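Have a look at the structure below, then the notes.
The values are calculated or read from the model by the stated rules, or taken from the named source; none is laboratory data. Given the structure is predicted, the values throughout are model-derived calculations rather than measurements. Every residue, glycine among them, receives a Cβ derived from its backbone with ideal geometry; neighbour counts consider all protein chains shown.
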Amino acid sequence: MEKTWKIVLFSCLLGSFLVSSSAQTCKTQTFSNNKQYANCSDLPHLNCFLHWTYDSAAGTVDMAFRHSGTSSGRWSAWAINPSGPTMMGSQALVAYVNSSGLPHPFTTSIDSMSPSMQQSDLSFGVSDLTATFENNNEMTIFAVLSIPENLLSTSQVWQEGPVTNDQLGAHPFSGGNVQSVGSVNFITGQSGGGGSGGSRVRRRNVHGVLNTVSWGILMPVGAIIARYMKVFKSADPAWFYLHVACQSSAYIVGVAGWATGIKLGSESAGVTQNPHRNIGIVLFCLGTLQVFALLLRPKKDHKYRFYWNIYHHSVGYAVISLSIANIFEGFDILQPHKKWERIYIGILIFLGVVAVSLEAFTWYVVLKLRKTGSDKHSRSMNGASNGVNGYGATANGHGHGHGV
Ligand SMILES: *[C@@H]1O[C@H](CO)[C@@H](O)[C@H](O)[C@H]1NC(C)=O
Ligand SMILES: *[C@@H]1O[C@H](CO)[C@@H](O)[C@H](O)[C@H]1NC(C)=O
């Protein structure tokens with residue numbers, strides 16, 4: 001339990017550390033072609049800067065996008081997106097150092113039909129598209145955009161990622177690369193991070209923490225309580241209430257975490273994390289089934305109770321195994337710092353060791369009681385062996401494997 005709270009605390013800290021800052025400012029930047037721009041903006045992530053002059057008579061935006069601290073093995077991109085602060089729908093300018101060693105700029109309109117960055121025309125005119133790569137770490141894209149009035153105040157997105165053999169690879173899905181969105185107003189000169197990228201990262205972290213704590217930690221703990229406390233007559237009603245309390249709080253927190261996931265999924269159209277999402281939906285259904293099954297639980301000596309137990313345990317173990325699998329899927333998507341995954345693996349190993357030791361201890365107690373077999377003990381022995389055998393058939397199959 002203490003570990004649970006530590007995870008929550010550390011995750012809050014992690015969230016606040018993810019806010020990054022850039023020291024360089026666009027005001028001091030110059031261009032080798034001596035161009036000057038009326039407005040500039042320090043974009044809040046990835047060391048990027050936007051410079052531009054809006055010409056209202058011509059209806060054009062003369063602009064330069066600079067990405068500092070990059071390398072010749074990375075691509076850089078800037079886009080405006082009338083459909084919002086996302087990648088889908090972006091009208092992008094991209095540049096990378098190609099295999100001839102030259103900075104190669106091109107435009108691409110990113111939609112669900114062509115999610116990879118193939119050269120294509122934008123929804124507005126682009127002229128004078130050039131790029132420079134200087135100091136071995138600074139990519140600048142120059143262009144003149146003929147944008148319609150309704151796009152003079154819109155969302156902007158900027159991004160960077162790897163290039164191998166002239167092939168542009170996917171950008172990283174963590175840190176500044178998922179926060180690099182904002183708004184831009186070419187007329188008033190206001191530009192920057194809209195904050196929605198940062199809040200999205202925060203919500204992804206909240207989603208991860210809620211689900212890891214509930215589905216990934218509380219539920220296995222609740223299962224361990226039921227399996228090993230049940231054996232002892234003296235803990236008889238107590239284990240049941242503890243188990244119910246543990247699983248129902250896990251379920252409530254888990255549903256909240258699940259809902260944040262569904263919301264996140266619906267917002268990132270085009271980047272559906274299918275297996276993660278589908279496992280999540282199955283988990284929600286199975287978890288809900290478990291809660292309702294509790295209401296239909298037959299009395300202890302009812303003839304259907306045996307079948308109910310088999311059902312309850314198999315669904316329970318399935319939920320725990322799927323939860324753990326899906327948490328690792330989530331780690332792959334969210335890519336938090338490696339230590340979070342290690343901490344979670346540590347907790348799983350700890351729970352696994354506890355479960356294995358209790359399993360051994362339980363069998364030791366059962367066998368010992370069976371041997372001594374006094375009157376008083378034989379009662380608890382029956383209780384104990386029922387406790388073990390009652391679900392031994394289903395539990396042993398999954399029980400040893402799930403935690404470790
Ligand atoms: C590299 O980019 C330059 C500038 O766009 C272009 O002229 C050249 O053809 C490109 N080379 C390759 C191999 O694509
Ligand atoms: C942007 O440029 C215009 C035109 O020169 C200027 O009037 C305005 O003050 C600038 N805005 C900012 C925020 O620098």
Between residues in the stretch 78-101 that are in contact (Cβ under 8 Å) with a residue 12 or more places away in the chain and residues that are within 16 Å of ligand 2 (Cβ to nearest atom), which pairs lie under 6 Å by C-beta distance while being six or more apart or on different chains? ILE80/GLN156
Please verify whether MET117 is surrounded by 17 or more Cβ atoms within 10 Å (Cβ to Cβ) and modelled with pLDDT under 85, treating the condition exactly as stated. yes
Those residues that are within 16 Å of ligand 2 (Cβ to nearest atom), small (Gly, Ala, Ser) and crowded, with 21+ Cβ neighbours inside 10 Å, I need them from the stretch 45-76; list them, please. ALA64
Only one of these conditions is not met by THR132: (1) within 31 Å of the chain's Cα centre (by Cα); (2) surrounded by fewer than 20 Cβ atoms within 10 Å (Cβ to Cβ); (3) closer than 24 Å to ASN165 by Cβ. Which number is it? (1)
Considering only the stretch 95-138, how many residues are in a strand (DSSP E or B) and under 15 Å from GLY73 (Cβ atoms)? 7
Residues of the stretch 172-205 being modelled with pLDDT of 80 or more, touching a Phe, Trp or Tyr at 6+ places or on another chain (Cβ under 9 Å) and surrounded by fewer than 19 Cβ atoms within 10 Å (Cβ to Cβ), in sequence order, are ILE187
Has the stretch 77-87 got any residue that is surrounded by fewer than 21 Cβ atoms within 10 Å (Cβ to Cβ) and of a type in the set (Phe, Trp, Tyr)? no
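Here is a yes/no grid of residues against (1) within 16 Å of ligand 1 (Cβ to nearest atom); (2) among the polar types (S, T, N, Q); (3) over 15 Å from GLN156 (Cα atoms):
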residue	(1), (2), (3)
LYS27	no, no, yes
GLN36	no, yes, yes
HIS45	no, no, no
ASP55	no, no, yes
THR70	no, yes, yes
ARG74	yes, no, yes
MET87	no, no, no
PRO103	yes, no, yes
GLN118	yes, yes, yes
For the stretch 65-99, which positions are over 22 Å from ASP111 (Cβ atoms) and touching a Cys at 6+ places or on another chain (Cβ under 9 Å)? ARG66, HIS67, SER68
Exactly one condition in (1) at pLDDT 90 or above; (2) within 16 Å of ligand 1 (Cβ to nearest atom); (3) among the polar types (S, T, N, Q); (4) touching a Ser or Thr at 6+ places or on another chain (Cβ under 7 Å) is false for ASN98; which is it? (4)
On the given criteria, is GLY316 in contact (Cβ under 8 Å) with a residue 24 or more places away in the chain, surrounded by 14 or more Cβ atoms within 10 Å (Cβ to Cβ) and farther than 17 Å from PRO220 by Cβ? no
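For every residue, the table says whether it meets (1) at pLDDT 85 or above; (2) under 33 Å from the mean Cα position of the chain (by Cα); (3) surrounded by 13 or more Cβ atoms within 10 Å (Cβ to Cβ).
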{"position": "LYS6", "(1), (2), (3)": "no, yes, no"}
{"position": "SER11", "(1), (2), (3)": "no, yes, yes"}
{"position": "ALA38", "(1), (2), (3)": "yes, no, no"}
{"position": "LEU43", "(1), (2), (3)": "yes, yes, yes"}
